[in-house]
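Here the structure comes first, spelled out in structure tokens, and everything after it is commentary.
The values are calculated or read from the model by the stated rules, or taken from the named source; none is laboratory data. Please read all numbers here as calculations on a predicted model, not as lab measurements. When we count neighbours, we look across all protein chains shown, and the Cβ atoms used for this are built from the backbone with ideal geometry, even at glycine. The accessibility values were calculated without ligands, DNA or RNA, using every heavy atom of the protein model including side chains. Shrake-Rupley method; radii C 1.70, N 1.55, O 1.52, S 1.80 Å.
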Amino acid sequence: MSKGLLTLITKPQSQQFDSRFGHNDKVSNNDRRNIYIHSLISLVTGIKQRVAQWLERWARKRKVAGSNPRADKVANQTLHTDSPDLPECFQLSVLSWLPCVYLWLACPPYIFYVQRNNMGYIMMSVLNRVKTVFALLLWIVCWADLFGTFHELHQGDTRPPIYFVTPLVVGITMLLATFLIQFERLRGVQSSGILFIFWFLSVLCAIVPFRSKILQAKVRSRDVVLGLRFITFYLYFSLVVSQLILCCFNEKPPLFSNVDTDPNPCPQSTAGFLSTMTFWWFTSMAIKGYKNPLEAKDLWSLNKRDSSEEVVPKLLKEWDLEQIKIRSTQALYSKPPPAGESNHVGGENSPEEVEVLLSKKRTPKKPSFLRSLIKAFGPYFLIGSAFKLLQDLITFVNPQLLSLLISFTKQKEAPTWWGYALAFLMFFTAFLQTLILHQHFQYCFVTGMRLRTAIIGAIYRKSLIITNAAKRTSTVGEIVNLMSVDAQRFMDLTTFLNMLWSAPLQIILALYFLWQNLGPSVLAGVAVMILLIPLNAAIAVRTRAYQVEQMHYKDARIKLMNEILNGIKVLKLYAWENSFKEKVLEIRQKELNVLRKTAYLGALSTMAWTSAPFLVRDTLYVTKAFVSLSLFNILRFPLNMLPQVISSVVQASVSLKRIQDFLSHEELDPESVDRNNTVSGPPTPNRNHSSVTVVNGKFTWAKQDPPALHNINLMVPQSSLLAVVGHVGCGKSSLVSALLGEMEKLEGQISIRGSVAYVPQQAWIQNATLRDNILFGKAYNEQKYRSCLEACALTPDLEVLPGGDLTEIGEKGINLSGGQRQRVSLARALYNEADVYLLDDPLSAVDSHVAKHIFDHVIGPEGALQGKTRILVTHGISFLPQVDNIMVMVEGRVSEMGSYQELLQQNGAFAEFLRNYSLEDIIEDEATGTTICYYSRGIQNSLSVISGDLENPRSKSVRRRLCSERKHAEPDPEKKLPKVEKLIQAETTETGRVKSKVFWEYAKAVGPLLTLFICFLYGCQSAAAIGANVWLSQWTNDAAQNMTQENVSMRVGVYAALGITQGILVMVSSFTLAMGNIGAARKLHYALLDNKFHTPQSFFDTTPIGRVINRFSKDIYVIDEALPSTVLMFLGTFFSSLSTMIVIVASTPIFAVVIAPLTFIYVFVQRFYVATSRQLKRLESVTRSPIYSHFSETVTGSSVIRAYGRRDAFVLMSDVKVDDNQKSYYPGIVANRWLGVRIEFIGNCIVLFAALFAVIGKDNLNPGLVGLSVSYALLVTMSLNWMVRMTSDLESNIVAVERVKEYSETKIEAPWEVEDKKPSPDWPSQGKVEFLDYSVRYREGLDLVLKNLTLSVVGGEKIGIVGRTGAGKSSMTLCLFRLLEAAGGEITIDGVKISEIGLHDLRSKLTIIPQEPVLFSGSLRMNLDPFEKYNDGEVWKALELSHLNKFVSNQPAKLELECSEGGENLSVGQRQLVCLARALLRKTRILILDEATAAIDLETDDLIQSTIRTQFEDCTVFTIAHRLNTIMDYTRVLVLDKGQVAEFDTPSKLLSKRGIFYGMAKDAGLTQ
């Protein structure tokens, strides 16, 4: 038709042109141009006229429809009547076939899906039988109908073919339905969605014929065949309705399903289709949570398909494939080794070759983690995307219905049922949209949850096998961040990810409908939006850059906090808190600056999107205006979401890269140690006897580092004992690590026969019972277990521990002393019954008599391990005569090796060393050699002892129980038991509502006035929005009254002004809010940090670090990032919901009647939800901590876990913890869906009532107001849903404030400085210390540790402090620093009462060298002098005196040598020397040595003792000693026993008294 129109218009014009000018060549160019213009104008007017005529004709035809009387009749019968009906042909064809077409289309994919996911077999039930019988009856009814038609034909009454086709089609479809009922039963489907929709459609399509048949029966009552068709139809209808009702019930679970075995299965697996769509199955938990706060035991088990067991392997499989694919493309780098080098992994012959390989390896592309994620979880996520697509399309139905409703209110003569039909249609589409949207969300959230599980699982598994070099780049803090923040970001992203395609789709559709409505004027708006895209892209790019920067600062801050909390005791002892506090605040300031910039960008972006719709409007007519308004409202959501989604994608891409980098780290080579030649049977002469063999070994900690061990050749015969000795840092521990496969092997080969047990130098203790620590996954055998305890001298300790061997040991073994920890570690190895034992200096941490016991009963030739191969690293020379072989190491090489006698005869460095350190000459006679040496002074030198009373940052907790060894006194369990529980107390969770005080605290942190101002701004913003829309409705009424032209400029001006005002207000309020939030974040973090530095030591003894770190990482992250956006959304939705209500009530006052009941239901549902959801959130955050604390525990003990082959067990433990966490997260997701469906239902009711009231009052309402009220009602659904979500999000996020406040308000210690009591700058000038009747206890309610101590020490005296484990030695030194406050009595230093002066004034004037050397990551110089008080010369002098200058000057970085986390890159001995250097720098009048030379070899120890004697000659020195020889020349010795002074005199007098001291000296072989 349009083609014809064109020819009609164009032909005459062209002919005229041709005849007039076509063949006249003389026409001038000017004339020709005029002619062209003239003809163009006439062409355009011609087109206009023709189009106008054509449109008029078409409209007339439509109006009258006179050309088709039949169509006219149908239209009148259907539409323009008060009793509408559809023609029979339509009923029989479209209405009957619709359900059938649906079922046939849905069947093939559905059958395929069910076939793939077979769930078992369901027994035939009554329900199933009834369904099948009814389906067959329906088939019979259809055939009866068909035979009736044939009967008519036989009677000569011909019917149209449709009467034959329809019963046939419907009948066959019923057979298909029967087949499906049985097929689903055999495949274990308990409730069928496909059939439910089919029966529902069938009922829906049968309602019209149902009414028609009744109307027909009134007219023609006597027709027999009509009677038959009448009966068959009503039979059909009642059967279909019955099927629909039966479909709502569930079948029994399939046979052998895990529902029967699970104690608390998730009802979702057995929920019916309706229950699944509306989330009805969750109601039971909502009710339970409303009645009582939920507890962990109320939670359902996790669905199998969401558990770590299924999810993690799925991701790892894809990731492995991805890595293999990348490797195969780079086959160049992974040439197989030549045949002759089977053990020689990678066939890397020379360092040069390694270099070449490394340089090549830097270029290749990395495996893509994103691709693995998509392959593993994409298909499931796509189902959610399909729902989203459907929902997006349905969204646009309502604006169309609204336009019909407005035109209906204009037509006064239209039948009323139109209005009601439209109102109910709007309600139905909105309801359908709700159901579909929440299914989409459910799929997305579950995908997110699985992603998090999989990512945490993958990171955990990886962290157990990364190389040491990789560990250096990823500290524990960083990896915990990957698990908490980065995995969380992925989880958050999946919810919005579909918006990436859905938002543009919604925008395109909205613009298309707007174009239809408003025509070309939309283009202006489109242009604005297109211009906004590059702006937003630029913002996104900047945001991403800021995001990376911020994560970098966050990592640095958490890493620093982790170290500070680990070394908090050292900071207190040295009064270094301020220096470290400044460091944290400096990082924090940078982090907040980045956050501020991000917030500004966000505010700009939001403003841009808010103002956009105002630039798209035109002179308006009522229908157009409000349809457009509702389209603009639809448009606003994707436009608002897009910036957020983009920023989420940006954040996730940063996280993706971080996770991908971590998972791509190099792994330890499991083949580096050859374990294949296992030991079995007795050794035969012709078989190789060596258990451990190293040939030409060359090892390094990281490929880029210089080798740590060179040219190691070692053969350890089976069942022999090899001792490894050497100076500090000579590579003894490295050798053990190399044998475990922990180091990079550059050359050579290692083989170990049989299983390995490993005792590390620093014992690794799990947070479990003592018994579990020893069993370490092995079955419990009473007799074997008891003999292990006996051999490791643990039996007496068990009597002191409150719960015996079932006492729970805190994190890092807090409540055990150092000696006990080491013995537990040894007992674990002994119980494990391995073939080869690698013992890394296990005797250094125990008292001398205990060391002798352990050597005799466990390690030595007569010990429990006598038949095993043992490699013992030791500093103790007293045991050397009893070992089979000795290996002496110097600077990473083997200098000498042989038996004790052989080495003495060789007369090398080792023999020289022994001569210096033995009191008597060693008689080189085998019989007597051992004996004499055993009682020589050597033994005492030998034992590098870390006191049994190891004062680690948190070891006090049980020490007060160890301090009095009450083997004979009653153990007084009542007092002690609560104490232990206190140690391992579960993290507390608040219950019930979040107290309004918490909101007030946050408002105070933001600033009360600022808070009010922000609310005011949001109010203004909403007012501007309402103003704009009311103005719009006035303007549309102008159009209706034809007053358009004169008011246009005024109308447009005001409207634009209101729009721009709203935009500016949005920006200002976003800015102000961002400022307020960042201010609050700063204040809350500062308060937390400040409090933690002022918290007394006892708090850190009883609180796992994980808990405090969780406050600093997760909770501060929530306050920094999650809470501001929640507050922003909350204020936005709150004011928009409020304005919606105001507008609807203002335009249709009758609506106020409905508001009351709806509000009541809304509040009721919300109360149910919030109670449950809040508690689930709390449970979730409490179950989160164990994941991270278990993880950091695992990372620190990874070498032990690997050595004992317990990797899988630990992976399983981690999985269980993650699943426990997801168990409380999953119901939380469902709670949101459950609520969403119910709240949106209320919203849909608001739409329904708004529309109904508009229909009822259409005579006295102007169309503008109807439009305004209904278009706002359409908005309300989303607002209300978001409103509740935001309320609950606000509640759950504000919990972070609650948790941070809780730790910002713990009890603090005395002030750091007391102005009016400041001691003089040169105090203490003499160093005189007095204890006057002094008593102390660790915490309230515990026994005294020191009882009525009175003693006086003159300045410059050297005092040795000795006593059995737990006598109160370390406690006494802590009292000097006031880490423990007095329970009675006084301590004075130079006459100043220390309890009266500030802590810093006191602590900065004392120096301690603690037992456990603590270093912080940073330069070596920073570790020695954090306040930079001393110049380089002084620092070097201190290093020289502490014998570290050689080591430091060999380092390329010298003083700037970077210490890794906890000083891991220095040996324990070197760390101890660094602590000595600190003391030498401070050089105060009073020095306390707390077993400071425990991990140091004898030679260095001697040098240090002489340094202390010369450098601190005029100082008062207190030394806690286990090596008695170090204090034999001291002025006096103080012997403590059970917290009291037992003996106090010069060493010689004490020996002659023959008291406790004499007994100890005798044990140590220092006296006869």
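Picking from Ala524, Ala545, Ala538, which residue would you name as being part of a helix (DSSP H, G or I) and touching a helix residue (DSSP H, G or I) at 6+ places or on another chain (Cβ under 7 Å)? If you could, list the steps in order and put the result at the bottom.
Numbers: Ala545 fails: touching a helix residue (DSSP H, G or I) at 6+ places or on another chain (Cβ under 7 Å); Ala538 fails: touching a helix residue (DSSP H, G or I) at 6+ places or on another chain (Cβ under 7 Å).
Going through Ala524, Ala545, Ala538 in turn, the sole match is Ala524.
Please identify the pairs in which a residue from segment 766-790 that is at positive phi has its Cβ atom under 7 Å from the Cβ atom of a residue that is open to solvent by 30 Å² or more (accessible area, probe 1.4 Å) and assigned to a loop (DSSP other than H, G, I, E, B), counting only partners at least 6 apart or on another chain.
From residues that are at positive phi, the pairs are Phe776/Arg1206; Gly777/Arg1206.
Look through segment 1364-1378, keep the residues that are within 29 Å of Pro1547 (Cβ to Cβ) and open to solvent by 10 Å² or more (accessible area, probe 1.4 Å), and return whichever of them is modelled with the highest pLDDT. Break it down stepwise before answering.
Narrowing segment 1364-1378 to residues within 29 Å of Pro1547 (Cβ to Cβ): 1364-1377.
With open to solvent by 10 Å² or more (accessible area, probe 1.4 Å) added as a condition, the list becomes 1364-1365.
Values: Arg1364: 72, Thr1365: 66.
Here the answer is Arg1364.
With the checklist (1) in a loop (DSSP other than H, G, I, E, B); (2) surrounded by fewer than 17 Cβ atoms within 10 Å (Cβ to Cβ); (3) of a type outside the set (A, V, I, L, M) in hand, flag the one item Phe210 doesn't pass.
Phe210 satisfies all of (1) in a loop (DSSP other than H, G, I, E, B); (2) surrounded by fewer than 17 Cβ atoms within 10 Å (Cβ to Cβ); (3) of a type outside the set (A, V, I, L, M) except (1).
Of Thr1140, Thr1172, Thr1148, which residue is open to solvent by less than 20 Å² (accessible area, probe 1.4 Å), over 30 Å from Val1068 (Cβ atoms) and in contact with a Ser or Thr (Cβ under 7 Å, 6 or more places away or on another chain)?
Numbers: Thr1140 fails: over 30 Å from Val1068 (Cβ atoms); Thr1172 fails: in contact with a Ser or Thr (Cβ under 7 Å, 6 or more places away or on another chain).
Within the list Thr1140, Thr1172, Thr1148, the selection yields Thr1148.
Suppose we filter Thr166, Thr149 for residues that are more than 16 Å from Leu244 (Cα to Cα) and free of Cβ contacts under 8 Å to residues at least 24 places away in the same chain; which single one remains? Working first, answer last.
On the way: Thr166 fails: free of Cβ contacts under 8 Å to residues at least 24 places away in the same chain.
It is Thr149.
Could you list all residues from segment 147-162 that are small (Gly, Ala, Ser) and modelled with pLDDT of 80 or more? Before you say what the answer is, go through the steps one by one.
Filtering segment 147-162 down to residues small (Gly, Ala, Ser) leaves 148, 156.
Selection gives Gly148 alone.
Could you list, ordered by first residue, the pairs with Cβ atoms under 7 Å in which the first is in segment 83-107 and among the acidic types (Asp, Glu) and the second is open to solvent by 40 Å² or more (accessible area, probe 1.4 Å), at least 6 apart or interchain?
Qualifying pairs under 7 Å: Asp85/Gln77; Asp85/Leu215.
Taking the residues in segment 1390-1400 that are surrounded by 21 or more Cβ atoms within 10 Å (Cβ to Cβ) and either free of Cβ contacts under 8 Å to residues at least 40 places away in the same chain or within 43 Å of the chain's Cα centre (by Cα) (or both) as candidates, determine which candidate is nearest to Asn578 (Cα to Cα).
Leu1399
Going by the conditions given, is Asn1047 of a type outside the set (A, V, I, L, M, F, W, C), assigned to a helix (DSSP H, G or I), at pLDDT 80 or above and out of contact with any strand residue (DSSP E or B) (no Cβ under 9 Å at 6 or more places or on another chain)?
Values: of a type outside the set (A, V, I, L, M, F, W, C): yes; assigned to a helix (DSSP H, G or I): yes; at pLDDT 80 or above: no; out of contact with any strand residue (DSSP E or B) (no Cβ under 9 Å at 6 or more places or on another chain): yes.
So Asn1047 does not fit the description; no.
Scan segment 1352-1360 and give yes if some residue there is in contact with a helix residue (DSSP H, G or I) (Cβ under 7 Å, 6 or more places away or on another chain) and of a type in the set (Val, Ile, Thr), otherwise no.
From segment 1352-1360, those in contact with a helix residue (DSSP H, G or I) (Cβ under 7 Å, 6 or more places away or on another chain) are 1360; that's our starting set.
Subsequent filtering for residues that are of a type in the set (Val, Ile, Thr) retains none.
Among the residues of segment 1352-1360, not one is in contact with a helix residue (DSSP H, G or I) (Cβ under 7 Å, 6 or more places away or on another chain) and of a type in the set (Val, Ile, Thr), which makes the answer no.
If you check every pair at least six apart or on different chains, which have Cβ atoms under 6 Å apart with a residue in segment 1098-1123 that is under 16 Å from His1190 (Cα atoms) first and a residue that is assigned to a helix (DSSP H, G or I) and aliphatic (A, V, I, L, M) second?
Close Cβ pairs satisfying both conditions: Ile1105/Leu565; Val1108/Leu565.
Go through segment 542-559 and give me each residue that's open to solvent by 20 Å² or more (accessible area, probe 1.4 Å) and in contact (Cβ under 8 Å) with a residue 60 or more places away in the chain. Steps first, please.
We begin by selecting, within segment 542-559, every residue open to solvent by 20 Å² or more (accessible area, probe 1.4 Å); these are 542, 544-546, 548-549, 552-553, 556, 559.
Passing the criteria: Arg544, Val548, Lys559.
Among the residues of segment 171-193, is there at least one that is touching a residue at least 12 places away in the same chain (Cβ under 8 Å), basic (Lys, Arg), out of contact with any Asp or Glu (no Cβ under 8 Å at 6 or more places or on another chain) and assigned to a helix (DSSP H, G or I)?
There is no residue in segment 171-193 that is touching a residue at least 12 places away in the same chain (Cβ under 8 Å), basic (Lys, Arg), out of contact with any Asp or Glu (no Cβ under 8 Å at 6 or more places or on another chain) and assigned to a helix (DSSP H, G or I).
What do you reckon, is Gly188 open to solvent by less than 30 Å² (accessible area, probe 1.4 Å), at pLDDT below 90 and over 21 Å from Tyr113 (Cα atoms)?
Numbers: open to solvent by less than 30 Å² (accessible area, probe 1.4 Å): yes; at pLDDT below 90: yes; over 21 Å from Tyr113 (Cα atoms): no.
No.
Answer with yes or no whether Val1237 is over 37 Å from the mean Cα position of the chain (by Cα), buried (at least 18 other Cβ atoms within 10 Å of the Cβ), among the β-branched types (Val, Ile, Thr) and under 29 Å from Thr1126 (Cα atoms). Talk me through it step by step, then tell me what you get.
Details: over 37 Å from the mean Cα position of the chain (by Cα): no; buried (at least 18 other Cβ atoms within 10 Å of the Cβ): yes; among the β-branched types (Val, Ile, Thr): yes; under 29 Å from Thr1126 (Cα atoms): yes.
It is false that Val1237 is over 37 Å from the mean Cα position of the chain (by Cα), buried (at least 18 other Cβ atoms within 10 Å of the Cβ), among the β-branched types (Val, Ile, Thr) and under 29 Å from Thr1126 (Cα atoms).
Identify the single condition in (1) among the small types (Gly, Ala, Ser); (2) in a helix (DSSP H, G or I); (3) touching a residue at least 24 places away in the same chain (Cβ under 8 Å) that Ser284 does not satisfy, given that it satisfies every other one.
Ser284 satisfies every listed condition except (3).
Can you name the residue in segment 1429-1460 that is open to solvent by 40 Å² or more (accessible area, probe 1.4 Å) and within 25 Å of Ser844 (Cβ to Cβ) and, of all such residues, is nearest to the chain's Cα centre (by Cα)? Walk me through it before giving the result.
Restricting attention to segment 1429-1460, the residues satisfying the condition of being open to solvent by 40 Å² or more (accessible area, probe 1.4 Å) are 1429-1434, 1436-1437, 1440, 1443, 1445-1447, 1449-1454, 1456, 1458.
If we keep only those that are within 25 Å of Ser844 (Cβ to Cβ) too, we end up with 1443, 1445-1447.
Details: His1443: 46, Asn1445: 44, Lys1446: 45, Phe1447: 42 Å.
In this case the residue turns out to be Phe1447.
Being surrounded by fewer than 18 Cβ atoms within 10 Å (Cβ to Cβ) and among the β-branched types (Val, Ile, Thr) is the filter; apply it to segment 1509-1540 and report the residue that is farthest from Glu1357 (Cα to Cα).
Filtering first and then ranking leaves Thr1510.
Can Leu509 be described as in contact with a Phe, Trp or Tyr (Cβ under 8 Å, 6 or more places away or on another chain) and over 19 Å from Ala603 (Cβ atoms)? Break it down into steps so the answer makes sense when it comes.
Numbers: in contact with a Phe, Trp or Tyr (Cβ under 8 Å, 6 or more places away or on another chain): yes; over 19 Å from Ala603 (Cβ atoms): yes.
So Leu509 passes the test.
Residues that are buried (at least 21 other Cβ atoms within 10 Å of the Cβ) and of a type in the set (Ser, Thr, Tyr): which helices (runs of 4 or more DSSP H) entirely in segment 781-869 hold 1 or more of them?
Ranges flagged: 818-831, 848-854.
Within segment 1120-1135, identify whether any single residue is open to solvent by 20 Å² or more (accessible area, probe 1.4 Å), outside any helix (DSSP H, G or I) and either touching a strand residue (DSSP E or B) at 6+ places or on another chain (Cβ under 8 Å) or over 22 Å from Gly477 (Cβ atoms) (or both), and answer yes or no.
Scanning segment 1120-1135, I find no residue that is open to solvent by 20 Å² or more (accessible area, probe 1.4 Å), outside any helix (DSSP H, G or I) and either touching a strand residue (DSSP E or B) at 6+ places or on another chain (Cβ under 8 Å) or over 22 Å from Gly477 (Cβ atoms) (or both), so the answer is no.
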